[in-house]
Amino acid sequence: MTEQRTGNRNVVVLGGGLAGVACARRLGDEGIGVTLVDRNDYHQFQPLLYQVATSQLPAEDIARPHRVIFRDHPTVEIRTARVTELDIASLGLTLSGGEKISGSHLVIAAGAQPEYFGVPGAAEHAFPLYSVADAVRLRLHVQDLVREVSEKRLGEDALDIVVVGGGPTGVEITGALTELMTALAAMERIPTSGRIFLIDRGSRLLGAFSHRSHQYAHKRLIEHGAEPRLDTGVAAVHADRVELDDGTAIRTRTVIWGGGESAAPVVQAAAGLGTGRGGRVDVLPDLTVDGHPDVYAIGDAANIPARNKGTLPQLGSVAQQSGEWAAANILRRRAGQPAKPFHYKDKGIMAMIGRNAAVAEVGKHRHQVDGPLAFAAWLGVHAMLLSGVHSRVDAFMSWAWDYFERDHAAIVEWSTKPHRIVWGDDEADAPHISLDRGDSTTSAGRS
């Protein structure tokens, strides 16, 4: 077993999602040595996973290679490796090959994994949607079913899909799937569009949103052909059906799980970390771990205190801002200044339901808008998030306007490539995306 001591002035960052990248970039801008460790060689932009899953975007467009992101940051070293253990006392971590890395500060931004809440069969049979690999697996699965139905090797009911979870992830993938199925039926690729069920234990969709937003989302999904079932939980998932807690069952070969998330296993297993809801680290207001002033937990790995009460939600904007704030506090500490409590600038919450159908609640008083105005808000927030990992936000904006301003449903040509965001990258910089079934941990938060 070897040990690498990265130096008293080096910062170790675990996780290359929005939080980890934001932290490493801020430190790299100041010439601070950083070792960024992630199991993947790319950063994934999680808010667009549902578009990869429904063939609207290629996976490569939302998987940004770390070496490209940090090309102009020579003090940032990228290590692509699995981490098997966190050592809080030594401010370090252990890689799968036994190598140990430690430094002056440890920043935990390891992201999240699906939370199945003990539902039998969910982990084995459901398709989570928390990583690029998840999205690609789901896309390939649906394409196989469409092909077999079109060739009459499977019955039409093989395209019935159950989505679990009525939050933004569930609503967005449900909206995209209904448009996809309608388009495929119109193109006569399938005899009829499959039924899309959206299951949620709560009494309304988009629980963090207002009642008006719920009503809008519920109405639009029904108009698109979806079948929401609220106040209903999942009792078990099987290869060919879902059992609900009301005693009924839905026959399906495809269950998409968007029902919750918890911290990465390496975080939950670490000694010396005070974990709370979702197995996430309960941090102090300055984002440090209690009793460990040189250890920070950010993004989806942390329960970050809100200014009024409770904790901040797992959002992309929270992840990015917490990463930048942790870096700023490290710089303050190095300059002999006290760390400052994290102050989150709330940019609002939003969810896409389909083309020209979105809800957004923005501003201090959560002003609610929907339709094209909500889409504009969605564009603004996601452009700001992307600016943290890509210098060409105009490419994303051009793609988004072209993609969403059309009024008709998505026409997905399965024989051609999806509509691309033209980043203009060198083909040699393509990310390496593994479809390993166990590779569902993500380091990025929702928007």
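Listed values, structure above:
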read-out	value
Subset of segment 204-239 that is of a type in the set (Asp, Glu) and not in a loop (DSSP other than H, G, I, E, B) - its residue that is surrounded by the most Cβ atoms within 10 Å (Cβ to Cβ)	Glu227
Qualifying residue in segment 21-33 (condition: within 28 Å of Glu172 (Cα to Cα), in a helix (DSSP H, G or I) and touching a residue at least 40 places away in the same chain (Cβ under 8 Å))	yes
Which listed residue, of Leu49, Leu36, is open to solvent by less than 10 Å² (accessible area, probe 1.4 Å) and under 30 Å from Thr174 (Cβ atoms)	Leu49
For Ala183: the one exception among (1) open to solvent by less than 50 Å² (accessible area, probe 1.4 Å); (2) assigned to a loop (DSSP other than H, G, I, E, B)	(2)
Search result, residues across segment 240-261 that are under 20 Å from Gly175 (Cα atoms) and at pLDDT below 95	Gly258, Gly259, Gly260
Total residues in segment 262-315, condition in a loop (DSSP other than H, G, I, E, B) and under 17 Å from Pro341 (Cβ atoms)	13
Complete set of residues in segment 249-258 that are outside any strand (DSSP E or B) and open to solvent by 10 Å² or more (accessible area, probe 1.4 Å)	Arg253, Gly258
Those residues of segment 146-163 which are open to solvent by 10 Å² or more (accessible area, probe 1.4 Å) and under 25 Å from the mean Cα position of the chain (by Cα), in sequence order	Asp160
Matching residues in segment 301-320 - criterion: being in contact with a Leu (Cβ under 9 Å, 6 or more places away or on another chain) and either among the aliphatic types (A, V, I, L, M) or buried (at least 24 other Cβ atoms within 10 Å of the Cβ) (or both)	Ala301, Ala302, Ile304, Ala306, Gly316, Val318, Ala319, Gln320
Residue match in segment 2-21 (condition: over 16 Å from Ile101 (Cβ atoms), small (Gly, Ala, Ser) and at pLDDT below 95)	yes
Positions within segment 259-280 being among the small types (Gly, Ala, Ser), open to solvent by 20 Å² or more (accessible area, probe 1.4 Å) and at negative phi, in sequence order	Gly259, Ala269, Ala271, Gly274, Gly276
Within segment 88-144, tally of residues that are in a helix (DSSP H, G or I) and of a type in the set (Gly, Ala, Ser)	4
Qualifying positions in segment 343-375 - free of Cβ contacts under 8 Å to residues at least 60 places away in the same chain and surrounded by 15 or more Cβ atoms within 10 Å (Cβ to Cβ)	Tyr344, Asp346, Lys347, Gly348, Asn356, Ala358, Ala360, Val362, Val369, Gly371, Ala374, Phe375
Failed condition for Arg195, given (1) open to solvent by 10 Å² or more (accessible area, probe 1.4 Å); (2) within 26 Å of His365 (Cβ to Cβ)	(2)
Flag for Thr192 being among the hydroxyl-bearing types (Ser, Thr, Tyr) and more than 27 Å from Ala63 (Cα to Cα)	yes
Count of segment 188-203 residues which are outside any loop (DSSP other than H, G, I, E, B) and either among the basic types (Lys, Arg) or out of contact with any Gly (no Cβ under 8 Å at 6 or more places or on another chain) (or both)	1
Long-range neighbours under 8 Å by Cβ, at least six apart or interchain, first residue without any contact (Cβ under 8 Å) to a residue 60 or more places away in the chain within segment 254-271, second hydroxyl-bearing (Ser, Thr, Tyr)	Gln268/Ser262; Gln268/Thr275
Any hit, segment 325-338, residues being open to solvent by 10 Å² or more (accessible area, probe 1.4 Å), touching a residue at least 24 places away in the same chain (Cβ under 8 Å) and of a type in the set (S, T, N, Q)	no
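Conditions tested, residue by residue: (1) in contact with a strand residue (DSSP E or B) (Cβ under 8 Å, 6 or more places away or on another chain); (2) in a strand (DSSP E or B).
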site: Ser322; (1), (2): yes, no
site: Trp325; (1), (2): no, no
site: Asn329; (1), (2): yes, no
site: Gln337; (1), (2): no, no
site: Pro341; (1), (2): no, no
site: Tyr344; (1), (2): no, no
site: Met350; (1), (2): yes, yes
site: Ile353; (1), (2): yes, yes
site: Val359; (1), (2): yes, yes
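To keep it simple, each residue is scored yes or no on (1) farther than 30 Å from Gly155 by Cβ; (2) at pLDDT below 95.
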| residue | (1), (2) |
| --- | --- |
| Leu184 | no, yes |
| Thr192 | no, yes |
| His211 | yes, yes |
| His224 | no, yes |
| Pro228 | no, no |
| His238 | no, no |
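The values are calculated or read from the model by the stated rules, or taken from the named source; none is laboratory data. Since the model is a prediction, treat every value here as computed from it, not as a measurement. Here the Cβ is made from the backbone with ideal geometry for all residues, glycine too, and neighbour counts use every protein chain on show. Note: areas computed on protein heavy atoms with side chains; ligands, DNA, RNA excluded. Shrake-Rupley method; radii C 1.70, N 1.55, O 1.52, S 1.80 Å.
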